[in-house]
Amino acid sequence: MITKEDIKNLADLARIEISEAEAEGLTSQIDSILGYVGQIKDSTGDVERAVPKLRNVMRDDVVTHTEEEYTEKLLNNAPSREGKYLKVKKIL
């Protein structure tokens, strides 16, 4: 059960001001919310069995092309090249 002092402490942590009446009202509201959450928690006890067991569906990394298969195509489309590299202006 949450107390009025707990509500005031939470308000201080949140840096908001609340009156005594607001703290009293929030106490009953939060208690009812926590009670409802407890009911939901109790009614969902079998959820773990309802969820299928997870498994890894990712494939292994496998090289699917030969070395430098696309390098020549890319370099031929570049404005200028030097050997197996793109040639660009120096940026200082």
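The values are calculated or read from the model by the stated rules, or taken from the named source; none is laboratory data. Bear in mind that the values here come from a model prediction, so they are computed numbers and not experimental data. So basically every Cβ, Gly included, is an ideal-geometry build from the backbone, and we count neighbours across all protein chains shown.
Here are the numbers for the structure shown:
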{"quantity": "Any pair with Cβ under 8 angstrom, 6 or more apart, that starts in region 29-48 at a residue that is closer than 17 Å to Asp6 by Cα and ends at one that is at pLDDT 80 or above and assigned to a helix (DSSP H, G or I)", "calculated": "Ile30/Ile7"}
{"quantity": "Residue ranges of helices (runs of 4 or more DSSP H) in the chain with at least 3 members at pLDDT below 85", "calculated": "20-43, 47-50"}
{"quantity": "Region 3-19, residues that are surrounded by 10 or more Cβ atoms within 10 Å (Cβ to Cβ) and among the acidic types (Asp, Glu)", "calculated": "Glu5, Asp6, Asp12"}
